Structure formats: C-alpha cells, structure tokens
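Reviewing the structure listed below.
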Amino acid sequence: MLCFLCWLVPLLLVLYVVADVNYFLRIGFVILWGRLFQKKAKVTDGTTIYGFCTTQDVDIFWRHMNNARYVRDLDFARFHFYDRTGIYEEIMKRKGHALQGATTVRYRRTIPIFTPYKITTNVVHWDDKAIYLEQQFITVGDGFVRAIILSKQNILDIDVLDMMKKLTGREPGKEPQELTLWLQGVEVASAKLRKKD
C-alpha cells in the first residue's frame with residue numbers, strides 16, 4: 001500500500017502541474033450527476049446546472065468571480081445541455097463534430113464570493129450550419145441575471161436542419177433580432193480578418 005502511494009502522489013502532482021485536472025473532474029461530475037439524477041430534457045426546454053463561487057473563482061481582490069471563470073463554467077453547462085438533450089448522441093451517430101464558433105458575454109452584475117448560482121442553457125435558434133445558445137448566470141438567492149451569453153455552436157460534417165428537426169419535430173423559428181444583430185457584428189469582424197489573411 002505504501003509503495004502504491006509512493007508513485008500515486010507524485011503522479012497526481014505532475015498531473016496538476018501539466019493539466020487542469022479540476023476542469024476534467026468537473027465535466028465528469030456534471031455529466032454523471034445529470035445521468036444519475038436528472039431526466040432527459042427536450043432540446044427546446046433547456047437545462048440548468050448549479051455552481052458556487054469559491055476562492056478558486058475570484059479575481060485579484062477576492063471579492064467576486066473573475067471574468068475568465070464565467071466562460072469556463074459555460075463549458076460545463078454546454079456539455080450538460082448536449083448530454084441531457086441528446087444532441088451529443090445525435091452528433092456522434094451522424095459522425096459530426098461540435099465546435100465553438102463565437103461567444104459574447106454581457107456582464108450585468110458580479111457574482112460575489114461564496115454565492116450559489118445557476119447557469120441556464122437554451123437554444124434560441126439554429127440554421128443549416130450552427131446551433132445558437134443563450135446561457136444565463138443567475139444568483140440563486142435573489143434570482144438576478146448576472147450575465148447573459150450568446151454563442152454560436154458550429155456543427156460540422158452533418159445536416160444541422162435535419163438533426164434539429166429530428167430532435168425538436170420542427171423547423172427553426174424566426175431568428176431573434178438580438179441574434180441577427182450579433183451575427184452581423186461577427187460577420188463584419190470575420191471579414192476584416194479575412195482581408196488581413
């Protein structure tokens with residue numbers, strides 16, 4: 001037993017130095033928790049996960065969650081959403097891939113240290129190439145929306161319209177104005193970079 005610990009402890013230390021072990025543990029935990037204790041969700045219903053702002057999440061002043069943690073937590077919520085709604089399973093069946101295409105975060109108010117919060121994830125639209133998500137950070141105690149995130153999830157090598165029709169039973173609705181304007185801004189920025197390349 002002692003010999004086992006002699007190589008396990010250094011191995012764990014090396015892993016923590018070269019990889020973000022907590023990131024992978026949290027993803028595993030979120031997906032496992034969802035599979036064990038939550039029902040499958042419809043794509044159009046959305047999903048919710050919970051978090052807690054700890055000392056590992058705060059900014060240099062130790063008062064509230066730092067901006068990078070918001071974006072990191074979105075991964076956990078997105079993976080949970082893909083798993084609970086069957087999107088990930090459907091993408092794998094069709095031999096496709098999901099890739100984050102663009103994200104914008106609108107911070108409204110900070111999440112103070114030692115505050116519980118939830119992240120809701122909802123599909124707001126889809127087209128032939130991508131799924132568009134809106135995610136919100138909401139503090140549990142007061143129900144205040146602390147941040148709103150729009151993201152474009154590029155789905156590669158498959159027919160997104162066909163996949164979403166199978167999962168939702170319908171065609172995409174009208175594109176929300178906020179999404180339209182945001183995508184116009186994304187396209188302007190992309191065109192600028194294409195000129196430089």
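The values are calculated or read from the model by the stated rules, or taken from the named source; none is laboratory data. Quick caveat: nothing in here was measured; it's all calculated off a predicted structure. In this analysis, Cβ positions are derived from the backbone assuming ideal geometry, glycine residues included, and neighbour counts consider all displayed protein chains. We work out accessible area using only protein heavy atoms, side chains counted, and drop any ligands, DNA or RNA first. Shrake-Rupley method; radii C 1.70, N 1.55, O 1.52, S 1.80 Å.
Largest first and in whole Å, give the semi-axes of the stretch 48-170's equivalent ellipsoid, each being the square root of 5 times a Cα gyration tensor eigenvalue.
30, 13, 12
In whole percent, how big is the carbon plus sulfur part of the accessible area of the stretch 48-170, probe 1.4 Å, protein atoms only?
Carbon with sulfur: 53 percent of the solvent-accessible area.
Which value, in Å², gives the accessible area per residue of the chain when a 1.4 Å probe is used on the protein heavy atoms?
Normalised by residue count, the accessible surface of the chain is 62 Å².
Which of the helices in the chain meet the span-like rule: DSSP H, Cα axial reach of 20 Å or more, Kyte-Doolittle mean at least -0.5?
2-18, 21-37, 177-196
Can you tally the net charge around Asp57? Count Lys and Arg as +1, Asp and Glu as -1, for every other residue whose Cβ sits under 12 Å from the Cβ of Asp57.
Around Asp57, the surrounding residues sum to +2.
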